Amino acid sequence: RLRPPLQKTGADFKEIPSFDIFDQMVGSAIGAIAGKPLVLLTSTIHSPSTLQIITEFLAKYPGSRHVQYDAVSYSGMLLANEAAYGKRALPQYRFDKAKTIVSLGADFLGTWLSPAQFNKQYAENKKVKGDKPELSRHIQFESMLSLTGSNADDRYTHKPSETGAIALALLSKLGGAVAAPALNAELAKAVEKSAAALSATKGASLVVCGSNDVNVQLAVNAINEAIGANGTTINWAATSNVRKGIDTDMVNLAKDMANGAIGGLMIYDCNPVYTYADGAAFGAALAKLPLSVSFNSTMNETAELCKFILPSHHWLESWGDTEAATGYISLIQPIIYPLFKTRH
């Protein structure tokens with residue numbers, strides 16, 4: 001963990017004695033960027049108070065913007081939902097209400113979206129209850145073994161490039177006006193069985209997909225419409241706020257940095273030099289910016305290239321609030337007093 005505020009001097013960093021001095025130095029640097037826009041780059045933020053502070057801060061600097069970047073992107077789902085439903089958001093999935101679950105590469109018990117929440121829901125319909133128990137049926141299509149796939153009732157493997165074809169074939173079997181692509185005999189039979197199972201439990205079926213391709217996710221949305229999932233196993237009334245990053249926003253930011261169109265970049269809770277697809281080019285552009293500030297709490301690959309570092313509190317040292325699902329607000333209080341010279 002980083003302990004005090006730091007300023008880069010040559011290849012090294014020196015400690016800044018106080019927060020007031022740090023604020024004056026960064027304030028002077030902002031004044032010297034000649035009206036070029038400031039950009040605040042963060043991971044997804046779903047704290048209402050933090051988002052309000054960001055809005056108030058950016059309002060002081062015309063042309064500035066907030067870019068949210070997720071190392072594991074759900075941009076394809078967000079843009080597909082915006083195109084299909086007019087909401088750039090993720091719905092709440094209700095695996096506990098599903099009698100048939102078909103997953104196209106979504107490891108929802110292990111890594112996909114909100115596995116802790118989904119594990120509890122999934123287990124509800126896998127328990128033997130009463131004299132005539134009804135257990136949910138889970139069909140998994142995937143390219144490599146996942147925790148979710150290892151728990152499936154039926155599991156089928158395929159090439160990663162075939163995810164879209166499987167989604168279209170499934171949509172075609174469910175009455176969608178799309179041409180069914182060619183699949184090998186085993187996958188074609190698996191799609192037919194899956195479509196039959198989904199049709200038999202309309203209104204209590206769910207299809208999820210781990211692809212980050214907008215077109216694949218549009219096909220999945222159409223499948224869920226065909227099986228009556230929206231309003232039952234998919235809840236749009238309280239959308240999920242845990243992923244908001246859009247890939248093109250990050251691409252445009254990287255281009256603006258390389259072209260000298262950005263005056264300053266402030267970075268919090270992300271490490272794009274390490275995690276971004278073209279992290280090396282991003283880092284080279286970052287090092288040339290007139291102003292760069294890291295609020296990350298560790299000396300990671302991105303912080304090393306910034307001109308100023310003001311480490312944030314650890315989350316166990318922090319007050320805060322969160323709205324992970326729209327309408328559900330929680331408060332956060334610290335467990336311990338801050339150990340070092342850090343600031344929220």
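The values are calculated or read from the model by the stated rules, or taken from the named source; none is laboratory data. Small disclaimer: the values here were computed from a predicted structure and weren't measured. Cβ atoms come from the backbone with ideal geometry, glycine included; neighbour counts cover every protein chain shown. The protein model used for the area step is the full one, side chains on, heavy atoms only, and it has no ligands, DNA or RNA in it. Shrake-Rupley method; radii C 1.70, N 1.55, O 1.52, S 1.80 Å.
A compact table of results
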quantity	calculated
Rh by Kirkwood over Cα pairs, then Stokes-Einstein D for the chain at 1.306 mPa s and 10 °C, µm²/s	71
Accessible surface of I223 - all protein chains present, 1.4 Å probe, nearest 10 Å²	0
Inter-label distance for A277 and K189, nm, one decimal - labels placed 7 Å from Cα along Cα-to-Cβ	3.7
Members of K8/K255; K244/K341; K97/K127; K97/K129 lying beyond 22 Å, as alpha-carbon distances in this model show	K8/K255; K244/K341
Hull volume in cubic angstrom per residue (convex hull over the Cα atoms of the range 1-137)	212
Among V207, A196, I246 - extreme Cα towards positive end, dipole of the chain, charges at beta-carbon	A196
Given charges at beta-carbon only (K, R positive; D, E negative), |dipole| of the range 78-165 in Debye	280
Local net charge near K173, Cβ-Cβ under 13 Å (Lys/Arg +1, Asp/Glu -1)	+1
Alpha-carbon centroids, the range 260-291 and the range 78-138: separation in whole Å	36
The chain: angle of helix 247-258 to the longest principal axis, Cα-based, in degrees nearest 10	30
Cβ-Cβ FRET estimate between K60 and W319, R0 fixed at 35 Å, reported to 0.05	0.90
Ranking by accessible area, most exposed first, for E225, E134, E317 with a 1.4 Å probe	E134, E225, E317
The chain: angle of helix 48-59 to the longest principal axis, Cα-based, in degrees nearest 10	50
Spin-label model distance (nm) - E82 vs D96, 7 Å beyond Cα toward Cβ	3.2
Choice from T100, T275, T239 with maximal GNM fluctuation in the chain (Cα, 10 Å cutoff)	T275
Computed E for K127/I335 - FRET, C-beta separation, R0 22 angstrom, nearest 0.05	0.05
DSSP bridge orientation in the range 179-330 - percent antiparallel, rounded to nearest 5	30
Modelled FRET efficiency - R0 22 Å, I53 with N230, Cβ distances, 0.05 increments	0.05
GNM result for the chain, Cα springs below 10 Å: residue of P115, P334, P311 fluctuating most strongly	P334
Per residue accessible area of the range 58-137, 1.4 Å probe, in Å²	50
Rounded tilt (10° steps) of 163-173 against the dominant C-alpha axis of the chain	40
Distance (nanometres) between label positions extended 7 Å along Cα→Cβ at Y328 and S150	2.7
Residues of the range 238-281 with amide N under 16 Å of the 7 Å Cα→Cβ point at R343	266-268
Proximal charge balance of N241 [Cβ under 14 Å; K/R count +1, D/E count -1]	+1
